[in-house]
Amino acid sequence: MSGKTLEDYVTTIPDFPKPGIMFRDITTIIQDPEGFKMAIDGLAKMLDGIEVDAIVGSESRGFIFGTPVAYKLGKGFVLARKKGKLPRETISESYALEYGTATLEMHKDSIKPGMKVAIIDDLVATGGTTLAIIKMIEKLGGTVVKIGFVLELAGFDAKNTILKDYSVESLLSYPDK
């Protein structure tokens, strides 16, 4: 190991996609074997001592981080995909975006009543995507026992507002939006 921290693998790009925004690029975590391992190990550690039946991740970066966590823990992985991408019967949930709405879907048989589920994703800002996933899990009878993120944009305060009723943790937190 090089002595680097996970934060060392995040690239900050000023004024992207517009002036005043500090874009936190996590692709530099994924492309480095040490950084990627740190992120996956850290996310899996969040689930130490918590009974979990399945991991859910959203398209597409939630797949990148959630799937190896599920593998590491010996659990199944459930896809939350964009509308129209899943082949079997689905449930859906729409959520607000900056300009309009989006819809995620999950297979109706992906979560069984009583299942304990962890949500793993790359980043939380407003929390809207995560809340849509929570609603689908709960409609299917599952219980969200933990939500883990690589990075949190704390300026949006999602942990204390929209996600306040859930156990939420992030490996890194930046104060901005």
Whole-Hz Karplus couplings 3J(HN,Hα) for the range 10-26, θ = phi - 60° and coefficients 6.51, -1.76, 1.60, Gly and Pro as x, run 8, 9, 9, 10, x, 6, 10, x, 8, x, x, 8, 9, 6, 9, 8, 8
Semi-axes of the range 33-177 from the Cα gyration tensor (sqrt of 5 times each eigenvalue, largest first, whole Å) come to 21, 19, 14
Expected vector for the range 71-83, Karplus 3J(HN,Hα) from phi with 6.51, -1.76, 1.60 and θ = phi - 60°, integer Hz, x for Gly and Pro, equals 4, 4, 8, x, 10, x, 10, 10, 8, 10, 10, 5, 3
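Taking 8 Å as the Cα distance limit and 6 or more residues as the minimum spacing, I'd like the relative contact order of the chain as a percentage. Present the calculation step by step, with values, prior to reporting the outcome.
Values: 345 pairs, mean separation 31.6, N = 177.
Over the chain, the number comes to 18 percent.
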Per DSSP, the loop-located GluC sites (Glu not before Pro) within the range 81-172 having at most 13 other beta carbons within 10 Å are GLU89, GLU98
Any residue on another chain or 5+ positions along whose placed amide H is under 5 Å from the amide H of GLY142 is listed here as GLY114
Reduced to Cα centres, the span from the range 98-129 to the range 34-59 in Å works out to 16
In degrees, nearest 10, the alpha-carbon axis of helix 33-45 is tilted away from the dominant principal axis of the alpha carbons of the chain by 50
P(r) over all Cα-Cα pairs of the range 1-67, 10 Å bins from 0 to the longest distance, whole percent per bin, short to long, reads 18, 40, 31, 9, 1
Longest principal axis of the chain (C-alpha) makes with the long axis of helix 128-139 (C-alpha) an angle, in degrees to the nearest 10, of 20
If amide H atoms are modeled at 1.01 Å from N in the peptide plane, then the residues at a separation of 5 or more from SER170, or on another chain, having amide H under 5 Å from its own are PHE149
So, relative contact order of the range 46-90 in percent, Cα under 8 Å, 6 or more apart, is 39
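Could you pull out the pairs from LYS18/LYS135; LYS112/LYS164; LYS82/LYS116; LYS146/LYS177; LYS83/LYS146; LYS135/LYS159 whose alpha carbons sit more than 27 Å apart here?
Working: LYS18/LYS135 32 Å; LYS112/LYS164 24 Å; LYS82/LYS116 23 Å; LYS146/LYS177 23 Å; LYS83/LYS146 25 Å; LYS135/LYS159 16 Å.
LYS18/LYS135, as the Cα separations exceed 27 Å there.
With a cut-off of at most 14 other beta carbons within 10 Å, and DSSP calling the residue loop, which trypsin sites (Lys or Arg not before Pro) in the range 1-98 qualify? Please list them.
Working: sites: LYS4, ARG24, LYS37, LYS45, ARG61, LYS72, LYS75, ARG81, LYS82, LYS83, LYS85, ARG88; in loops: LYS4, LYS75, LYS83, LYS85, ARG88.
Filter output for the range 1-98: LYS4, LYS83, LYS85, ARG88.
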The set of residues whose placed amide H lies less than 5 Å from the amide H of VAL56, leaving out same-chain residues fewer than 5 positions away, is VAL78, ALA118, ILE119, ILE120
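So what's the back-of-envelope 222 nm ellipticity for the chain, counting only DSSP H runs of four-plus at -39500 (n - 2.57) apiece and dividing by all residues, rounded to 500?
Numbers: 4 runs with 42 residues, N = 177.
My calculation for the chain gives -7000 deg cm²/dmol from helical runs alone.
The range 11-119: Rg/Rh from Cα coordinates, Kirkwood Rh? The partial results should precede the final answer.
Working: Rg = 16.2 Å, Rh = 15.8 Å.
Rg divided by Rh gives 1.02.
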Low-density loop chymotrypsin sites (Phe, Trp or Tyr not before Pro), the range 1-108, at most 16 other Cβ within 10 Å, DSSP non-H/G/I/E/B, are TYR99
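Taken together, the values in this text are just the output of simple stated rules run on the coordinates, not laboratory data. Model, not experiment: these values are computed from the prediction. For neighbour counting, all protein chains shown are included, and Cβ atoms are generated from backbone atoms with ideal geometry for every residue, glycine included.
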